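The values are calculated or read from the model by the stated rules, or taken from the named source; none is laboratory data. Small disclaimer: the values here were computed from a predicted structure and weren't measured. Counting neighbours? That spans all protein chains shown, and the Cβs are built from the backbone with ideal geometry, glycine included.
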Amino acid sequence: MDKFKDIRPYQDEEIRPVLDQLLEDEEMLDSIARFYYPRLTRIFPKIMLDAASKKLRDQVKTVHNVKSMQDVIAGYMDKMIHDTTTRLTNSGLEHLQDGRNYLFISNHRDITMDPAFVNYMLYHAGHETLQIAIGDNLLKKPFVTDLMRLNKSFIVHRSRKGRELLHSLKLLSEYMHFCVANGQNVWIAQREGRAKDGIDKTDPALLKMLAMARRDLPFRESLRELHIVPVTISYEYDACDILKADELYQIETRGSFTKTEESDIESIVTGMIGFKGHVHVAFGKELNIETDDPDELAEIIDTQILQNYELSDSNFLALEKLKQDGLAPLLLLGDIFQQREISNQNRKKFAKRLKAVDAKLHKHFLFGYANPVIGKLKSGFVV
């Protein structure tokens with residue numbers, strides 16, 4: 001394991017020392033205090049820093065290894081689910097074989113909640129929890145890196161260049177192969193960056209990276225060792241929908257969007273505490289890989305992810321509004337809206353949410369919800 005020391009999660013014997021160090025980290029405690037009590041922290045910074053420290057110490061006093069850390073995080077997830085979702089459902093867990101470990105490749109809508117929901121489902125079904133891939137672009141502060149590695153996250157070094165990048169990608173590939181071969185499940189997003197427009201596409205470069213660990217084998221055989229299972233996460237409401245629409249609008253009108261440390265943190269926090277409605281996690285079937293073409297395999301993964309996407313009324317209401325505005329594709333001139341019975345309550349809920357969105361962002365906001373329906377129709381799937 002020394003080979004992977006710089007990227008792997010913390011192990012049992014490292015958990016308590018890292019936690020104790022974090023409990024003395026004033027920058028982390030200040031961030032937590034400002035998050036929970038912004039006004040009071042501005043007025044009484046020292047008092048609120050001490051309060052945050054005491055609260056954290058109480059919450060993690062029984063933590064001494066990875067399992068007890070995961071139990072604490074499960075408690076946080078229970079509260080978050082209660083506060084921000086109306087329903088949490090799953091399908092496809094019966095496809096997972098006892099005694100086999102998997103690489104789960106999922107669509108990517110939320111920075112932290114996507115793997116958290118997949119992990120939660122596995123945890124409560126009695127499966128081994130996930131090792132989670134997280135990009136170093138989100139780990140700008142040392143305490144954030146420590147927090148992620150306490151929760152079984154491993155680091156993807158995206159910011160490196162040239163030979164250093166190639167070396168880190170090969171090491172990453174080797175680590176994921178090592179995990180699956182040694183009793184661990186792994187999660188990675190289907191591409192770098194979230195789907196801002198509601199279109200879920202797998203990056204073939206990701207699949208090439210996964211094969212790097214076993215260059216002695218053909219592409220298909222290397223990836224078969226990972227037991228790849230596509231996963232689809234569907235949100236009735238995307239907590240970051242307005243932030244995503246704004247980013248797409250800026251790219252459209254200015255040609256670019258400048259990411260900052262603050263924008264990443266805003267997306268993470270909004271994704272955690274924002275309303276999500278019904279969330280569904282669909283586990284697909286393990287891939288029977290018969291191709292050495294990464295592009296072809298990416299399409300196979302995309303097909304499972306799209307087919308298993310759980311459509312909500314919000315998706316159809318967005319499409320209906322686009323049709324009213326003359327923006328819906330021609331293929332949608334049929335009677336799909338008559339086939340979907342949408343309650344007045346859901347219509348009011350969606351209208352209220354849309355009303356809170358700046359009119360200039362409406363097009364991108366609506367397509368973010370409508371594109372899963374459009375994708376299913378284009379692919380011939382039942383909606």
For segment 336-378, which residues satisfy the criterion of being touching a Gly at 6+ places or on another chain (Cβ under 8 Å) and among the hydrophobic types (A, V, I, L, M, F, W, C)? 367, 370
Would you mind stating whether residue 128 is free of Cβ contacts under 8 Å to residues at least 12 places away in the same chain and either of a type in the set (Asp, Glu) or not assigned by TED's automatic domain parsing to the domain that holds residue 194 (or both)? no
Taking segment 340-383 as the search range and keeping residues that are among the polar types (S, T, N, Q) and surrounded by 10 or more Cβ atoms within 10 Å (Cβ to Cβ), which one is nearest to residue 237 (Cα to Cα)? 346
Here is a list: 328, 318. Which entry is modelled with pLDDT of 95 or more and more than 25 Å from residue 222 (Cα to Cα)? 318
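Identify, from the list 223, 207, 166, the residue that is more than 30 Å from residue 364 (Cβ to Cβ) and buried (at least 22 other Cβ atoms within 10 Å of the Cβ). First the steps, then the outcome.
Values: 207 fails: more than 30 Å from residue 364 (Cβ to Cβ); 166 fails: buried (at least 22 other Cβ atoms within 10 Å of the Cβ).
Going through 223, 207, 166 in turn, the sole match is 223.
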Working only within segment 52-99, note down all residues that are surrounded by 12 or more Cβ atoms within 10 Å (Cβ to Cβ) and of a type in the set (Gly, Ala, Ser). 52, 53, 68, 74, 91, 92
Subset of segment 273-292 (residues that are in contact (Cβ under 8 Å) with a residue 24 or more places away in the chain and surrounded by fewer than 16 Cβ atoms within 10 Å (Cβ to Cβ)): 273, 275, 285, 290, 291, 292
Given the conditions (1) buried (at least 18 other Cβ atoms within 10 Å of the Cβ); (2) in contact with a Leu (Cβ under 8 Å, 6 or more places away or on another chain); (3) in a helix (DSSP H, G or I), report the number of the one that residue 328 does not fulfil. (3)
Pull out all pairs, ordered by first then second residue, where Cβ-Cβ is under 7 Å, the residues are six or more apart or on different chains, the first lies in segment 72-85 and is closer than 14 Å to residue 274 by Cβ, and the second is β-branched (Val, Ile, Thr) and outside any strand (DSSP E or B). 84/273
Enumeration of residues in segment 131-150 that are closer than 23 Å to residue 109 by Cβ and either surrounded by 15 or more Cβ atoms within 10 Å (Cβ to Cβ) or at pLDDT 90 or above (or both): 131, 132, 133, 134, 135, 136, 137, 138, 139, 144, 147, 148
The condition of being of a type in the set (Phe, Trp, Tyr), over 16 Å from the mean Cα position of the chain (by Cα), within 26 Å of residue 378 (Cα to Cα) and crowded, with 18+ Cβ neighbours inside 10 Å holds, among 249, 237, 175, only for 249
Output for Cβ contacts, cut-off 7 Å, separation at least six or different chains, first residue over 19 Å from residue 2 (Cβ atoms) in segment 159-171, second acidic (Asp, Glu) and in a helix (DSSP H, G or I), reads 159/136
Please pick out the residue among 106, 153 that is crowded, with 19+ Cβ neighbours inside 10 Å and in contact with a Phe, Trp or Tyr (Cβ under 8 Å, 6 or more places away or on another chain). 106
Residue under question is residue 374, and the condition is that it be within 24 Å of residue 195 (Cα to Cα) and either assigned by TED's automatic domain parsing to the domain that holds residue 323 or assigned to a helix (DSSP H, G or I) (or both); does it hold? yes
Filter segment 1-56 for residues that are at pLDDT below 90 and closer than 27 Å to residue 184 by Cα; the one that is farthest from the chain's Cα centre (by Cα) is 2
Conditions (1) of a type in the set (A, V, I, L, M); (2) farther than 30 Å from residue 285 by Cβ; (3) modelled with pLDDT of 90 or more; (4) touching a Lys or Arg at 6+ places or on another chain (Cβ under 9 Å); number of the one not met by residue 66: (2)
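Hey, does segment 165-181 have a residue that's in the same structural domain as residue 290 (by TED's automatic domain parsing) and part of a loop (DSSP other than H, G, I, E, B)?
Kept after step one, since they are in the same structural domain as residue 290 (by TED's automatic domain parsing), are these residues of segment 165-181: 165-181.
From what's left, part of a loop (DSSP other than H, G, I, E, B): none.
Within segment 165-181, not a single residue is in the same structural domain as residue 290 (by TED's automatic domain parsing) and part of a loop (DSSP other than H, G, I, E, B).
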